[in-house]
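In what follows, a structure is listed as structure tokens, so that the remarks can point back to it.
Only the coordinates and a few stated rules stand behind these numbers; no lab work does. Every value quoted in this text rests on a predicted model; they were computed, and no experiment measured them. Because the Cβ atoms are built from the backbone with ideal geometry, glycine has one as well, and the counts that use them run over all protein chains shown.
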Amino acid sequence: MHGVRAALALIDLGDEPIDSALRLGRDPAPPGLVVLAEDPHRVMADPAMQRGLVRGVLPRDATSGEIAAAVEAARAGLLALHPLAVDALRHRAPQAAGDQHSPVQSLTAREIEVLAMVSEGLGNKAIAGRLGNSAHTAKFHVASIMAKLGAGSRTEAVTIGMRRGLVVI
């Protein structure tokens, strides 16, 4: 079909970086990607991940059910990460200060934790209770998260967090 663009692509990376595998620099609006990789940890540090192009990360030996679920989640606008990829996201070192797209650089570990609680629908008092802090401290964390993400509401902050891989549902 001439002129029809894919909204999502499933690729097997092998050992190549994502940009090299797809030559993304040539396409101003590349499709969202569900990536099968030998090393999901490496994908989490890839610049394409940080730019929001990757919508799913699975190991190469993923089952057909895992692949189908990741594709369906990506089509719904969610980020689908295998537990190995989630582990890599949690343990990744912060990027250089100039990297504005790095989820780890944008929010502190505590802010990511608070964002996860916001995604559960918790209010400031409930977040404070879980953290063992005051409601004022929880409110400060939520305000900081919203400012860093450029969100106008808690819902928008969660949505942005999901797109950046900070919130896993």
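Structure notes:
- For 134, 153, 119, the sequence from fewest to most other C-beta atoms within 10 Å is 153, 134, 119.
- Remark on residue 9: its backbone amide H falls under 5 Å from those of 32, 33, 34, a criterion applied only to residues 5 or more positions apart or on other chains, H modelled at 1.01 Å from N.
- Evaluating 6.51 cos²θ - 1.76 cosθ + 1.60 at θ = phi - 60° for every residue in the stretch 53-63, the Karplus couplings come out as 7, 8, 10, x, 9, 9, x, 4, 8, 4, 6 Hz, glycine and proline recorded as x.
- Estimated FRET transfer efficiency (residue 76, residue 143; beta-carbon r; R0 45 Å; 0.05): 0.95
- Taking amide H as placed 1.01 Å from N in the peptide plane, residue 39 has no amide H partner under 5 Å among residues 5 or more places away or on another chain.
- Rounded to the nearest whole Hz, the Karplus-based 3J(HN,Hα) values (6.51 cos²θ - 1.76 cosθ + 1.60, θ = phi - 60°) of the stretch 76-81 follow the sequence 7, x, 9, 9, 10, 10, with x at glycine and proline.
- Under 5 Å, built H, 5+ apart or other chain: amide partners of residue 80: 56, 57
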